[in-house]
Amino acid sequence: MSAADIAKRLKRAERLTAVQEQMRRAAEWQLAQTRRDAEAVEADRAALLAAVGASAHGHLFLEAATRRLRGLAARATELERIAASQSDEVREQGLAQKRAELNAERIETLLDRERERVEAMERLDGLAQRRDASLP
């Protein structure tokens, strides 16, 4: 394989590494957003409980508060499930990025070796030509 072919492979590997990094960042952003949503649900739940407990008429709205709390609990459970799934996705994207980086490093090493081999062959050719030139 020529140095030009290896250089093309290296460019592709570097592009893949960049894409993997973007995908990992997007997955991290989605996970962070889900966690913010879960925190907002928890804040709503705490505010509702505080409002019901602090109000003298809280017992009048107990049924509505119960329905709302059930809805918030269902949403919190859903967000926990989504966060767990997204956490796995972030881990997988991180591993994919690491694999892409290692592949790019291997190709870069291969390119360096190929360039060294070509330089050595050119030096040997240069030495061989000088000897031929000095012969009668």
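Where a number appears in this text, it was derived from the coordinates with a stated rule and is not lab data. Please read these numbers as outputs of a predicted model, since none were measured by experiment. For neighbour counting, all protein chains shown are included, and Cβ atoms are generated from backbone atoms with ideal geometry for every residue, glycine included.
Structural remarks
- Think of the chain as a dipole: +1 on every Lys or Arg Cβ, -1 on every Asp or Glu Cβ, centred on the Cα centre; then among Ala3, Ala65, Gln97, Ala65 lies furthest on the positive end.
- Around the Cα centre of the range 3-109, unit charges on the Cβ atoms of Lys, Arg, Asp and Glu (plus for the first two, minus for the last two) sum to a dipole of about 260 debye.
- Contact order normalised by residue count of the chain, Cα under 8 Å, 6+ apart, percent: 47
- Cut-off 13 Å between beta-carbons: net charge of the residues surrounding Arg15, Lys and Arg +1, Asp and Glu -1: +1
- On Cα atoms only, tilt of 3-54 relative to the major axis of the chain in degrees: 10
- Exposure proxy shown here: for Glu114, Glu39, the number of other Cβ atoms within 10 Å sets the order, fewest to most, as Glu39, Glu114.
- Three semi-axes of the equivalent ellipsoid, the range 3-109, Cα gyration tensor, whole Å, largest first: 51, 9, 8
- Taking Lys and Arg as +1 and Asp and Glu as -1, the other residues whose beta-carbon sits under 14 Å from that of Glu28 total +1.
- Listed peptides 88-97, 1-10 by packing density, highest first (mean Cβ within 10 Å): 88-97, 1-10
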